[in-house]
Amino acid sequence: EDANWVFIINQDGTAGILNTLRSQDINGFTKWINGNTNSDYPLELVSVSVVANELFIVNKRTTTSATTYTIERWSFDYLLDSSVRLLSSGSIGGNNLYLATSHLEGETVSVVARGNTLPQRVVQANGNNGYIILTDAEKTFILAEYPVTGVIDVEVGYNFTPKIIPMPL
């Protein structure tokens, strides 16, 4: 059901989200933490904005050499945080799966292929086109769904573990 969300951004880059469903008189808070909390340089939430009914999030990452900002669109179609979705077999060269972005380079990421979770791996650097290395079995599995059309379904990004705490009776 549709609900309303109020984001309250904390100084440490986390957020509290007030979920409200007025028609049922339901209100509750959810703690928001970006999915790459195990990184040496975790993302911090900076800003949230709605444009034409789409939610956009500005994240900040500070490393030893630079501070970068990224804008992410929140989508219920994606399963991972800060992820990239690959839909063409042209993204595969040999056993490398090219991400067409460098924002995940050097990071340990999760991989979801055709709805199945593959083992985590580190994104290799290649200019502006980071990549992950697939095993022969993974490559065959990814390409098997639509071998003629070249359509694949792979998502690479940060995993997150939801923590659900029930309300007291």
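The values are calculated or read from the model by the stated rules, or taken from the named source; none is laboratory data. This one's a predicted model, so the numbers in the text were calculated from it and none came from an experiment. Here the Cβ positions follow ideal geometry from the backbone for every residue, glycine too, while neighbour counts run over all protein chains shown. The area values use the complete protein model at the heavy-atom level, side chains included, leaving out ligands, DNA and RNA. Shrake-Rupley method; radii C 1.70, N 1.55, O 1.52, S 1.80 Å.
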**Asked** With r defined as the distance between the Cβ atoms of SER88 and ASN19 and R0 fixed at 41 Å, what FRET efficiency is calculated, to the nearest 0.05?
**Response** 0.65
**Asked** Out of residues 5 or more away from ALA100 or on other chains, whose amide H comes under 5 Å of its own, with H placed 1.01 Å from N in the peptide plane?
**Response** GLY130
**Request:** Return, ordered by residue number, the residues of the stretch 69-86 whose backbone nitrogen is under 11 Å from a label point located 7 Å along Cα→Cβ of PHE7.
**Result:** 71-75
**Asked** Amide H to amide H under 5 Å from ILE152: which residues, 5+ apart in sequence or cross-chain, H placed 1.01 Å off N in plane?
**Response** SER88, SER89
**Item:** Solvent-accessible heavy-atom area per residue, rounded to whole Å², over the chain at 1.4 Å
**Value:** 65
**Fill in**
Restricting to aspartates and glutamates and to Cα separations under 17 Å from LYS60, and discarding same-chain partners fewer than 8 apart, the set is ASP12, ASP40, GLU44, GLU72, ASP81, GLU105, GLU107
**Complete:** Rounded to a whole %, the carbon-and-sulfur portion of the accessible area of the chain at a 1.4 Å probe is 53
**Fill in**
GNM of the chain, Cα pairs under 10 angstrom: of TYR98, TYR41, TYR146, the biggest fluctuation goes to TYR146
**Message:** What's the magnitude of the charge dipole for the chain around its Cα centre, counting Lys and Arg as +1 and Asp and Glu as -1 at the beta-carbon? Answer in Debye, nearest 20.
**Reply:** 160
**Prompt:** How many nm is it between the label spots at PHE76 and LYS31, if each spot is 7 Å from the Cα in line with the beta carbon?
**Reply:** 2.6
**Note, ³J(HN,Hα) from phi for the stretch 63-72, Karplus 6.51, -1.76, 1.60, rounded to Hz, x at Gly and Pro** = 10, 5, 10, 7, 10, 10, 10, 10, 10, 10
**Message:** Show me, for the stretch 49-55, the HN-Hα J-couplings you get by feeding each phi into the Karplus relation (A = 6.51, B = -1.76, C = 1.60, θ = phi - 60°), rounded to Hz, glycine and proline as x.
**Reply:** 8, 10, 10, 6, 6, 10, 8
**Message:** Using the Karplus curve 6.51 cos²θ - 1.76 cosθ + 1.60 with θ = phi - 60°, what ³J(HN,Hα) values do you get for each residue of the stretch 14-22, in whole Hz, with x for Gly and Pro?
**Reply:** 8, 8, x, 10, 8, 9, 10, 10, 4
**Complete:** A chain fully extended from THR64 to THR140 at 0.36 nm per residue, minus the present Cα-Cα distance, gains in nm 23.5 nm
**Asked** Given a cut-off of under 8 Å on Cα pairs at least six residues apart, what relative contact order in percent is computed for the chain?
**Response** 17
**Asked** Which entry is the computed semi-axes √(5λ) of the Cα gyration tensor in Å for this structure: (i) 24, 21, 17; (ii) 32, 20, 15; (iii) 29, 19, 13?
**Response** (ii)
**Item:** Label-point gap, in nm, between THR108 and PHE160 - each point 7 angstrom along Cα→Cβ
**Value:** 1.9
